[in-house]
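Taking it in order: structure first as structure tokens, then the write-up.
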Amino acid sequence: MVWEIDNPQCNESRKIVWEVAPYLRGRGLDIGAGDFKVLPHVISVDDMNHAQFGFSVRPDVMVNADDLSVFASQSLDFVYSSHTLEHMEDTGRTLREWWRVVKQGGYLILYLPHKDFYPNIGQIGANPDHKHDFFPEDVIEKMPDGWDLVERQERNGDQEYSFLLVFKKINSKNNVRSYLEDRPSKTVLVVRYGAYGDIMMASSVFKGLKDQGYHVTVFAAPPGSDAIAHDPNIDKLVLFDRDQVPNADLGSFLSWQKKKYERFVNLCESVEGTFLALPGRVQHGWPSSVRHVMMNKNYLEFQHDLAGIPYKPQVKFYAVNEEKKWARKTREKMGNGPVIMYSLAGSSVHKTWSGMDNIIAGMMLHSMDVHVVLVGGAECAILEAGWENEPRVHKTCGQWNIRNTFAFIDECDILIGPETGVMNAASCMQVPKIVFLSHSSHENLTRDWVNAYPMMGEGTICPGRSEGVPACHQMHFGWEYCKKDTTTSTAQCQADIPVEQVWTVLQNLLDEAKNKKAA
């Protein structure tokens, strides 16, 4: 549809926002935003000269659109502008200035009235302030060199009368037009915003879809996305920061994006919110026995069902050669004895086991050549306290990144830990795993894990579970709905896992590991 006098005007960005949202990651500008900033996190830039249109604006930064000297060169992840360039006298100068502030790898996103779809200068209905009428190539020819044109769209449907250009800044004087490349015919979009454990479970879905011949695009978010950065089953990984697309708008955004793909798989809340009740939602207040009946389903199998692929667990972390080499060298420094990785804590208060120090002490006494590697984020460093003078206990919390940690799993003889990303990453590996279950049941999480030894407190009574219910099936963001054991200050379900039970299993695994190395 070309321009009509009664078409919506002024807020042109709302027509294109969900198309350009993937390019608006990080710190960037909306130049000429007026009163309608494209997304909340973007910095609006305007000169406030809108009196002729009957409204005033309050930009984040008040400067002329062709003078961004308040911003350093290559300091921004993107520059976005809607229906502004046509108002500038010298478009070449303006484009050079906008391009100057974009980082290598960043984007310049331009949404402009199309000469064929919008009244030209002097015609009835034309904007009296327009200095230019553009075809897309008019703008492309004015761009400084060093770009890849990743989007070139002529948009004249649904009350649009514009064109979209997205330039990616590349380290080359040559220009590229990747938008001309052949598009794959069999495509799927998988959306999974989540933590390391969530994204590792989703890796099984990526593999299943790839096995069916799909070109796999994944929408994910840091830091969880670090775990799949080199997954060969992902053809395109698109990252989103927290609140880049506001939560209230995610439905609209994904509805727009999924139209571009043959298939669409949304794994968001495929665990949390579905089989782990969120505070404030009605399921959180159900009787624990009812919640158990409704939510005692296998997480990974359900994700395969959502994707419409056969259930075949194929969870895997893909380390690059440098990471594998680093892991081998790190392992070699520990000698020939068994190496145990202990994942100290997860993302919530209930994911820490109270018997940790007793078990580590037991391993130190059991064998003089055993080494224990403690892993976790910087917040887990406090749990390492007391082992500073034991050279066979390696304190890496906050020092190894998640890819280091996952790569080192291949060098370990045994894994120990609560429901964490580390344990999920190893779920399909042969390495023995002692897993401390908390808000999940064996059916939920470890049912189909390879060589796993799930541990759970027998008879735990807490706000989320009653007699005979083995898991609360609730998300916890603090202690409000999770019972803290008064003796250990850990969750009651973790305090109820006896050290003796864990040690019996671990001792057998240590002996098996030593016998295997001696053979």
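Computed from the coordinates by the stated procedures, all read-outs in this text should not be read as laboratory data. Since we're looking at a predicted model, the values are computed, not measured. Don't worry about glycine lacking a Cβ; one is built from the backbone with ideal geometry, like all the others, and counts go over all protein chains shown.
Taking label points 7 Å from Cα along the Cα-to-Cβ direction, N120 and Q159 give a separation of 2.7 nm.
Please name whichever of M429, Q474, Q501 sits farthest to the positive end of the charge dipole of the stretch 412-504, dipole taken about the Cα centre and charges placed at Cβ: Lys and Arg +1, Asp and Glu -1. Of the candidates, Q474 comes out farthest on the positive side. Lysine pair count for the stretch 187-307 (Cα-Cα distance under 15 Å; residues 8 or more apart in sequence or on different chains): 4.
Trypsin sites (Lys or Arg not before Pro) within the stretch 212-313: which are DSSP loop residues with at most 12 other Cβ atoms inside 10 Å?
Numbers: sites: K236, R242, K258, K259, K260, R263, R281, R291, K297; in loops: R242, K259, K260, R281, K297.
Those that pass, being in a loop and sparsely packed, are R242, K259, K260, R281.
Counting only lysines at least 8 places from K103 when in the same chain, those with an alpha carbon closer than 20 Å to its own are K142, K168, K169, K173.
For a straight C-alpha distance cut-off of 17 angstrom, the lysines reachable from K325 (same-chain residues fewer than eight places away being disregarded) are K333.
Divide by every residue of the chain the summed helix terms, -39500 (n - 2.57) for each DSSP H run of at least 4, and state the resulting mean residue ellipticity at 222 nm, rounded to the nearest 500 deg cm²/dmol. Walk me through the numbers before you get to the answer.
Numbers: 13 runs with 126 residues, N = 519.
One gets -7000 deg cm²/dmol as the mean residue ellipticity at 222 nm.
Of all DSSP beta bridges confined to the stretch 389-515, the antiparallel ones make up roughly 20%.
State the extension gain, in nm to one decimal, for the chain segment bounded by R152 and N64, taking 0.36 nm per residue of separation less the distance between their alpha-carbons.
Working: separation 88, 0.36 × 88 = 31.68 nm, distance 2.67 nm.
Additional length available on full extension: 29.0 nm.
Counting only DSSP beta bridges with both residues in the chain, tell me the antiparallel percent, nearest 5.
On the way: 17 of 68 bridges.
Taking every DSSP beta bridge with both residues in the chain, the antiparallel ones total about 25 percent.
Whole-Hz Karplus values for the stretch 39-45 come out as 9, x, 7, 7, 7, 7, 10 Hz, taken residue by residue from phi with 6.51 cos²θ - 1.76 cosθ + 1.60 and θ = phi - 60°; glycine and proline positions read x. Taking all Cα-Cα distances within the stretch 321-518, those exceeding 30 Å account for 17%. The length gained on full extension between D369 and I170, counted as 0.36 nm times the residue separation minus their Cα-Cα distance, comes to 66.5 nm. Can you tell me the dipole magnitude for the stretch 13-180 around its Cα centre, using point charges on the Cβ only (Lys, Arg +1; Asp, Glu -1), in Debye to the nearest 20? Value, rounded to 20: 580 debye. For G34, the amide hydrogen comes within under 5 Å of no other amide hydrogen, counting only partners 5 or more places away or on other chains and with H modelled in the peptide plane.
With only alpha-carbon atoms in the gyration tensor, what are the semi-axes of the equivalent ellipsoid for the stretch 439-514, in Å, largest first? Before the final figure, lay out each step's value.
On the way: eigenvalues 128, 50, 22 Å².
Semi-axes (√(5λ), whole Å): 25, 16, 10.
With a Förster radius of 22 Å applied to the C-beta separation of K258 and F477, the computed FRET efficiency comes to 0.15.
Could you list the GluC sites (Glu not before Pro) in the stretch 118-214 that lie in coil according to DSSP, counting only those with at most 14 other Cβ atoms within 10 Å of their Cβ? Sparse-neighbourhood loop GluC sites (Glu not before Pro): E181. Loop-resident GluC sites (Glu not before Pro) (DSSP state other than H, G, I, E or B) in the stretch 444-519 with no more than 16 further Cβ atoms inside 10 Å of their Cβ: E458, E467, E480.
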